[in-house]
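The values are calculated or read from the model by the stated rules, or taken from the named source; none is laboratory data. Because the structure is a prediction, the values reported are computed rather than measured. A quick note on method: Cβ atoms are made from the backbone with ideal geometry, for glycine too, and the neighbour counts reach across all protein chains shown.
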Amino acid sequence: MQVLNTIAELRAARAGISNLGLVPTMGYLHEGHLSLVARAKAECDAVAVSIFVNPTQFGPNEDLARYPRDLPRDLSLLDAAGADLVFTPEASEIYPPGFDTKVEVSGVTDVLEGAVRPGHFAGVATVVAKLFNIVQPTRAYFGQKDAQQSVVIRKMARDLNLPVEVVVAATVREPDGLALSSRNSYLTPPQRAVAPTIFRALSAARDLFNAGERDAEALREAMRRIITAEPQMQVDYVSVADPTTLHELTTVGRDALASMAVRLGATRLIDNMRLFSRTP
Ligand code: PAF
């Protein structure tokens, strides 16, 4: 496994690899990231992983300074997982003095996370576009847990004709249903104990949908009721939206994205579940 800190080193190391998979991360890796590495290994000739806590996707009052970091542990996990290249740039390598360009995807970034985190998706789209240009992967792997991020990145790649296949892999969960996230490390034991309420609420919406409920507000209300019954939790938003446009639905057809953002003390958790019907 080669660890590369600069764009020049990364470019030299990736030369000659024709089918390269990229797993972009902000480090503090967990099984969700490692499942993306495993999938990339199965589908590509070699796997590159980037570890970069991207400052431009954090708002002024967000957790950039305290975002968890443990590079030695990440590198040993990636070595064991069989990653070939690990790109660990400094912020000055990605955003040198005079850097002035932004990638803004409009429409799908106006709602959900985009509505409560202004500038977040411009930060994500800009750094991911740069990583695609630097690493030049054939495929890039993202987790379904950040559902809106995947929609934004797919749209950016399509709109800008970026020659990369965006692969979105299923969310990896703890046995009690909590979606794996680096931010779970912020939770105190009492908060961790109630965190699976989010999965329970999403599962309740899915069960109602599978039982025939098609009124989107009834599904949102069922999720809200479960979250608000937990005194430690506050709802940021609860959504049942079209999975491509992310517009809130009135009536669900065959397919919807149920999602939510919840505050648990100082920690903000997001999660989602796709609702699918086999019959029209
Ligand atoms: O999902 C993440 O970890 C980040 O948003 C990403 C895609 C690595 C961009 O910084």
The stretch 129-163 - residue that is without any contact (Cβ under 8 Å) to a residue 60 or more places away in the chain, under 17 Å from S18 (Cα atoms) and part of a loop (DSSP other than H, G, I, E, B) and, of those, farthest from the ligand (Cβ to nearest atom): P163
Per the list (1) surrounded by 19 or more Cβ atoms within 10 Å (Cβ to Cβ); (2) in a helix (DSSP H, G or I), residue check on M260 breaks on (2)
Filtering the stretch 56-102 for residues that are over 25 Å from N272 (Cα atoms), free of Cβ contacts under 8 Å to residues at least 60 places away in the same chain and of a type in the set (A, V, I, L, M, F, W, C) leaves a count of 8
Residue selected from the stretch 19-57 under the condition in a helix (DSSP H, G or I) and of a type in the set (V, I, T), by the criterion farthest from the ligand (Cβ to nearest atom): V37
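Is it the case that A80 is of a type in the set (A, V, I, L, M), under 24 Å from A179 (Cα atoms) and exposed (fewer than 13 other Cβ atoms within 10 Å of the Cβ)? Even if it seems obvious, please write down each step before you answer.
Details: of a type in the set (A, V, I, L, M): yes; under 24 Å from A179 (Cα atoms): yes; exposed (fewer than 13 other Cβ atoms within 10 Å of the Cβ): yes.
Answer is yes for this residue.
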Looking at the stretch 171-187, is at least one residue of a type outside the set (K, R), in contact with a Ser or Thr (Cβ under 7 Å, 6 or more places away or on another chain), within 30 Å of R11 (Cβ to Cβ) and surrounded by 18 or more Cβ atoms within 10 Å (Cβ to Cβ)? no
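State yes or no: is R224 basic (K, R), touching a strand residue (DSSP E or B) at 6+ places or on another chain (Cβ under 6 Å) and more than 23 Å from V111 (Cβ to Cβ)?
Values: basic (K, R): yes; touching a strand residue (DSSP E or B) at 6+ places or on another chain (Cβ under 6 Å): yes; more than 23 Å from V111 (Cβ to Cβ): no.
Against the criterion (basic (K, R), touching a strand residue (DSSP E or B) at 6+ places or on another chain (Cβ under 6 Å) and more than 23 Å from V111 (Cβ to Cβ)), R224 does not qualify.
Please work out if I134 is among the aliphatic types (A, V, I, L, M) and touching a strand residue (DSSP E or B) at 6+ places or on another chain (Cβ under 6 Å). Break it down into steps so the answer makes sense when it comes.
Details: among the aliphatic types (A, V, I, L, M): yes; touching a strand residue (DSSP E or B) at 6+ places or on another chain (Cβ under 6 Å): no.
The answer is no for I134.
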Residue check, N61 against (1) more than 15 Å from the ligand (Cβ to nearest atom); (2) at pLDDT 95 or above; (3) out of contact with any Phe, Trp or Tyr (no Cβ under 7 Å at 6 or more places or on another chain), all met but one. Which one? (2)
Got a number for residues in the stretch 226-249 being touching a residue at least 12 places away in the same chain (Cβ under 8 Å) and assigned to a helix (DSSP H, G or I)? 2
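If you check G107, G114, which single one turns out to be outside any loop (DSSP other than H, G, I, E, B) and under 30 Å from V240 (Cα atoms)?
Working: G107 fails: outside any loop (DSSP other than H, G, I, E, B).
Exactly one residue qualifies, and that residue is G114.
Here are D215, D242: which of them is farther than 17 Å from V111 by Cβ and at pLDDT 95 or above?
Numbers: D242 fails: farther than 17 Å from V111 by Cβ.
Only one candidate qualifies: D215.
Is one or more of the residues making up the stretch 86-104 assigned to a loop (DSSP other than H, G, I, E, B), within 19 Å of L162 (Cα to Cα) and within 13 Å of the ligand (Cβ to nearest atom)?
Here is the first cut: in the stretch 86-104, the residues assigned to a loop (DSSP other than H, G, I, E, B) are 88-90, 95-104.
Then drop every residue that is not within 19 Å of L162 (Cα to Cα), which leaves 101-104.
Then drop every residue that is not within 13 Å of the ligand (Cβ to nearest atom), which leaves 103.
Scanning the stretch 86-104, I find at least one residue that is assigned to a loop (DSSP other than H, G, I, E, B), within 19 Å of L162 (Cα to Cα) and within 13 Å of the ligand (Cβ to nearest atom), so the answer is yes.
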When residues of the stretch 223-244 are filtered for being more than 25 Å from the chain's Cα centre (by Cα) and among the hydrophobic types (A, V, I, L, M, F, W, C), how many remain? 1
Quick check on A205: is it aliphatic (A, V, I, L, M), buried (at least 18 other Cβ atoms within 10 Å of the Cβ) and in contact with an Asp or Glu (Cβ under 8 Å, 6 or more places away or on another chain)? no
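Residue check: is G16 at pLDDT 95 or above and either surrounded by fewer than 19 Cβ atoms within 10 Å (Cβ to Cβ) or under 26 Å from A122 (Cβ atoms) (or both)? Reasoning before the result, please.
Numbers: at pLDDT 95 or above: no; either surrounded by fewer than 19 Cβ atoms within 10 Å (Cβ to Cβ) or under 26 Å from A122 (Cβ atoms) (or both): yes.
It is false that G16 is at pLDDT 95 or above and either surrounded by fewer than 19 Cβ atoms within 10 Å (Cβ to Cβ) or under 26 Å from A122 (Cβ atoms) (or both).
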